[in-house]
1. What number of residues within segment 516-528 are surrounded by fewer than 20 Cβ atoms within 10 Å (Cβ to Cβ) and hydrophobic (A, V, I, L, M, F, W, C)?
2. Those residues that are in contact with a Pro (Cβ under 7 Å, 6 or more places away or on another chain) and part of a loop (DSSP other than H, G, I, E, B), I need them from segment 246-270; list them, please.
3. For segment 271-291, name all the residues that are of a type in the set (A, V, I, L, M) and assigned to a helix (DSSP H, G or I).
4. Quick check on segment 382-432: of everything there that is of a type in the set (A, V, I, L, M, F, W, C) and surrounded by fewer than 16 Cβ atoms within 10 Å (Cβ to Cβ), which residue is nearest to Ile371 (Cα to Cα)?
5. Evaluate the following for Phe413: is it among the aromatic types (Phe, Trp, Tyr) and under 19 Å from the mean Cα position of the chain (by Cα)?
6. Hey, can you tell me all the residues within segment 461-481 that are among the hydrophobic types (A, V, I, L, M, F, W, C) and either in contact with a Phe, Trp or Tyr (Cβ under 7 Å, 6 or more places away or on another chain) or on the phi > 0 side of the Ramachandran plot (or both)?
7. Please report, ordered by residue number, the helices (runs of 4 or more DSSP H) entirely within segment 367-462 with at least 2 residues that are touching an Asp or Glu at 6+ places or on another chain (Cβ under 8 Å) and not polar (S, T, N, Q).
8. Among the residues of segment 474-481, are any within 37 Å of the chain's Cα centre (by Cα), surrounded by 20 or more Cβ atoms within 10 Å (Cβ to Cβ) and more than 14 Å from Ser567 (Cα to Cα)?
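The values are calculated or read from the model by the stated rules, or taken from the named source; none is laboratory data. Nothing here was measured: the structure is a model prediction, and the numbers come from that model. Glycine gets a Cβ as well: all are built from the backbone with ideal geometry, and neighbour counts include every protein chain shown.
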Amino acid sequence: MAWGEASSERPNQSGTEPLPRKKLVPKVAGAAKYKLWRDEVPTTVFTGQWLSNYLEITAPPLARASFNYELEAQDIALLLRTANHRFHDKFGSGLPDVLIEVQQWLSGALLQYFAQPNIANTTEPNAGRELGASNSNFKSAQPTMAPQVAMTPMLGQCLTAINGYVQAQNEAQLTSILTFEPPFPDDHRKMIEELRRAFPSGDEDSLEQKCTQSLVAARDGFGGNGTWTPFISFVTTYLTYLRDVDLERNGYLETYNALIALQEKAQSALVHPAYGHLMLLPVVNCAKLVCRLAIGLDKQPELIAHLKSDTNANDDGDGGPRDTLPERAADTLRKAFTTCLNDRTSGLGKDGRPTGKKRGIYKIANICLKILFQCRKTRNATMIFINIGNQSPPLSAYPRSEQVTYLYYLGRFLFQTNHFYRAQEALQRAYDLSPADPSCVRQRRYILVFLTTCNLILGRFPSQALLQRPEALHFQQHFGPIMQAMRTGNLASFRKHLDYDSPSADWLLHFRVLLQLRNRCEVHVWRALIIRTWRICGAKGRPEHAGNTLVDITKLTQAFTLAEKLSLNSQAGTYVDPDFDGADGVGDDEEDDTSVSTTSVESKLSSLISQGFVVGNVVHAQLKLVMLGMKTGNVVAAGFPPPWSVVKQRASADVPGWRKHPQLASGGGQVISMSSARPAGSG
């Protein structure tokens, strides 16, 4: 019968099955005892002899690290009574699972006991007794196990599991056991209760000593890669965080500070060249919680009002700005981002995917960018984009979700810095990569708002098919009048729609695109107005004459003056403060503020010509717009090229911050010193 199968023997007097048999006896020291323990049915499920045999056969590494199996009789009695009470009703079904549970519980309990200092040097009468001593009175002895051991079985299991995951390099299991956000699993809640009883606030030194003694793999190192003491500090801080975390709203600030301290410890453990990759996902998970708390506290200033008052009271008078909570969080996370970016032990695997810490570059960068954009501190994002553009693996090697998020923030950053064509490229790629799924409509909507705004500024209109998509809901209402004004040159309609009192103003201000549309799209309205004026009163050159296609600037001046008047008439009347009503010169229309000078029109024409939206030149002496070489053909198509084609032709294909290709083998993107280079041909 194989290990883990049910025994054919009858149950014992307690109604429980004996331990299972195994045909093959392991070739280890103590095999005879193992066979005896395997074959004989104990009178009770757990006895002193059973425990002695169990330790000798199944836990030799634990024995070497634990004072030669020296336990007091009272402690043995406590272990056995606890085991019988804990497992006596579980035998009879699912025996392999029960045995695994027994092993996990007993290993944790023993490890906690063996980790206590000065056990070998104790002067108690029973200190020298070995496990399974024949004269041990297990039933009547009173337990003398250290309170922290007897009170913290779940903590012992947790530390034992963490130590095993580290030694096995099991990143997934280590990540699963390190839970940061409530509600916590049942095992964690029990462990938190144990921590509050055995290691109350202020007893962090004892807790750190406990972690140091239990986390043998990190303390002593393995595989010849040295010790990992920052990981022990992280685990200690993590347990302290679990013990002290406050789920009430008034405790958010304290939780934020505790998480920042925990994040710093986690990032210190991340730095280790051999073991640090195990901490990547815990660092990311903790960073996500830090991000949400930082943004939430920034949106609830009443929770941090005392911080501002304390800052003002302690101001040293230097006048410098103080970092906000989001800025502090972003600065902390940026260190983890730099660690992942500069890691030399990882790169791209054979499948083209990042390995090791390189996996975390865009994960952590996106969290930092989310904090900075939510709290409008985008100036601090500059170095993130620069560093990624110089040192990161290609963006295409990373998961699609990370690509979409990063390109969205890159596009918004370029949009805010007035690089609209580059922003359009990044946002277009983000929109193309985002799945057209109902669950992603909100994300696609945000991308499409900024993408549509960029395209309008560049003179490119969305198609009707695009405007019918779910993520483009209400786009026709808010962007339609702008497109119509840009087509017809209706300056009055354009300004009315983008006025602060417009029905669309709140929607456009919510997405922070109103000012860009007002300031950048009006040039296209000028262009359309000039085209309409030429069609009405322009002079087209003839092949039999030497003349060129001309537009009289005085006619353009009249057209712009009329457009300004219509624009003012479409708005509300002039507001006059009641205190000044009736005063001389107030509210009078003696001076015409709508008149447009020829100089202003010449300036507009020069701007359009320099941008390539009008092909020609201005003859200032004759007040003429001359479009050369257009005596035949379509004057509008030749003299007024589509703005989108002009911008696209002039734009650079490179988008700063978007790594599209791998770095060169020589270290492309870095500065090369030429101070010692000799002239060509010098030998």
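1. Counting residues in segment 516-528 that are surrounded by fewer than 20 Cβ atoms within 10 Å (Cβ to Cβ) and hydrophobic (A, V, I, L, M, F, W, C) gives 2.
2. Once the filter is applied, which keeps residues that are in contact with a Pro (Cβ under 7 Å, 6 or more places away or on another chain) and part of a loop (DSSP other than H, G, I, E, B), segment 246-270 yields only Leu247.
3. Within segment 271-291, the subset of a type in the set (A, V, I, L, M) is 271, 274, 278-281, 283-284, 287, 289-290.
Once the filter is applied, which keeps residues that are of a type in the set (A, V, I, L, M) and assigned to a helix (DSSP H, G or I), segment 271-291 yields Leu278, Met279, Leu280, Leu281, Val283, Val284, Ala287, Leu289, Val290.
4. Filtering segment 382-432 for residues of a type in the set (A, V, I, L, M, F, W, C) gives 383-386, 388, 395, 397, 404, 407, 410, 413-415, 420, 423, 426-427, 430.
Okay, now just the ones that are also surrounded by fewer than 16 Cβ atoms within 10 Å (Cβ to Cβ), so 383, 386.
Values: Met383: 15, Ile386: 18 Å.
This residue is Met383.
5. Details: among the aromatic types (Phe, Trp, Tyr): yes; under 19 Å from the mean Cα position of the chain (by Cα): yes.
So Phe413 fits the description; yes.
6. Taking segment 461-481 first, the residues among the hydrophobic types (A, V, I, L, M, F, W, C) are 461, 465-467, 472-473, 475, 479.
Within segment 461-481, Leu467 is the sole residue that qualifies.
7. Working: elements: 382-391, 400-416, 420-433, 441-457.
Filter on segment 367-462 gives 441-457.
8. The first filter runs over segment 474-481 and keeps only residues within 37 Å of the chain's Cα centre (by Cα), leaving 474-480.
Restricting the remaining residues to those that are surrounded by 20 or more Cβ atoms within 10 Å (Cβ to Cβ) gives 478-479.
The next check asks that each one be more than 14 Å from Ser567 (Cα to Cα); those that pass are 478-479.
Yes: one or more hits.
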